[in-house]
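> This is the structure, below, for whatever I ask next.
The values are calculated or read from the model by the stated rules, or taken from the named source; none is laboratory data. As the structure is a prediction and not an experimental result, all values here were calculated from the model. Note that we place each Cβ from the backbone using ideal geometry, even for glycine, and neighbour counts take in every protein chain shown.
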Amino acid sequence: MTDILTAIAERRATKRFEPNVKIPEHELRAILDAGRHAPTAFNIQHWRFVVVSDPALRKEIRAVAWNQPQVEEASALIVLCADFKAWEKDPARYWAEAPEKMQATYEGMIKQFYTGHEQLQRDEGIRSCGMAAYALMLAAAAHGYQSCPMDGFDFKAVGELINLPKDHEVVMFVAIGKKAGDYPPHGGHLPLEETIIHNRFA
């Protein structure tokens, strides 16, 4: 298994995958399970992972994704969707394993936090999917695969293709597989000093 710090340091967006590589079902399930363990506010777990395995559907998605080859070539294409109304769908279940009093407390907090705050509902769903996507990419690396986070596509068209529920939104794709060829030159990272602000901006 790849060390997590190595996986973070070496991660690159893979644009071309070996199309004949199959991810064993148990490995793909383990990768998805890692995504399921990403953090969410109030443990609501807003994400839904649509695993697109139908070749015909992959072809249709590629047609609305700037013809990017990784949509079809990747061993796994995962469409991350946010359920913006997860907070009101039996919220006690998110704390089902906690003591009853704690479960009731969190259920009340969830309703108070989200009720009437549509922008917050959306923002939390997007944040949750972003964290889950990174967990998927790191888990893929741990299993020896490469990945590509993607948002270059027609969101509305993809939603229609996957029959997206009205209270959900497509957030991004994560394509996973074995990279084909070498990576192109890397753009590099900003200096650490430029990205860290202590206490407040000047």
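> Identify all residues within the stretch 164-189 that are more than 26 Å from PRO19 (Cβ to Cβ) and at pLDDT 95 or above; write none if there are none.
Listed by number, the residues that qualify are LEU164, PRO165, LYS166, ASP167, HIS168, GLU169.
> Of (1) closer than 30 Å to PRO19 by Cβ; (2) in contact with a strand residue (DSSP E or B) (Cβ under 7 Å, 6 or more places away or on another chain); (3) among the aromatic types (Phe, Trp, Tyr); (4) crowded, with 16+ Cβ neighbours inside 10 Å, PHE84 satisfies all except one. Which?
Every condition holds for PHE84 apart from (1).
> For the stretch 14-52: of the residues being in contact with a Phe, Trp or Tyr (Cβ under 9 Å, 6 or more places away or on another chain) and among the charged types (D, E, K, R), which is farthest from SER75 (Cα to Cα)?
It comes out as ARG36.
> Provide a single number: the residues in the stretch 152-202 that are part of a loop (DSSP other than H, G, I, E, B), loosely packed, with under 11 Cβ neighbours inside 10 Å and of a type in the set (Asp, Glu).
The total comes to 1.
> For the stretch 1-50, name all the residues that are within 13 Å of MET137 (Cα to Cα) and small (Gly, Ala, Ser).
ALA7, ALA9, ALA13, ALA30, ALA34, GLY35, ALA38 - these are the residues of the stretch 1-50 that are within 13 Å of MET137 (Cα to Cα) and small (Gly, Ala, Ser).
> Can you pull out every residue in the stretch 43-81 that is among the hydroxyl-bearing types (Ser, Thr, Tyr) and crowded, with 18+ Cβ neighbours inside 10 Å?
Across the stretch 43-81, the qualifying residue is only SER75.
> Can you tell me which residue is nearest to PRO91 (Cα to Cα) among those in the stretch 11-32 that are assigned to a helix (DSSP H, G or I) and touching a residue at least 40 places away in the same chain (Cβ under 8 Å)?
Across the stretch 11-32, the extreme among qualifying residues is LEU32.
> If ASP3 satisfies all but one of (1) farther than 15 Å from MET131 by Cβ; (2) of a type outside the set (Lys, Arg); (3) surrounded by 13 or more Cβ atoms within 10 Å (Cβ to Cβ), what's the number of the condition it fails?
Every condition holds for ASP3 apart from (3).
> Could you identify the single residue in ALA9, ALA98 that is surrounded by fewer than 18 Cβ atoms within 10 Å (Cβ to Cβ) and closer than 20 Å to SER128 by Cβ?
So the residue among ALA9, ALA98 that is surrounded by fewer than 18 Cβ atoms within 10 Å (Cβ to Cβ) and closer than 20 Å to SER128 by Cβ is ALA98.
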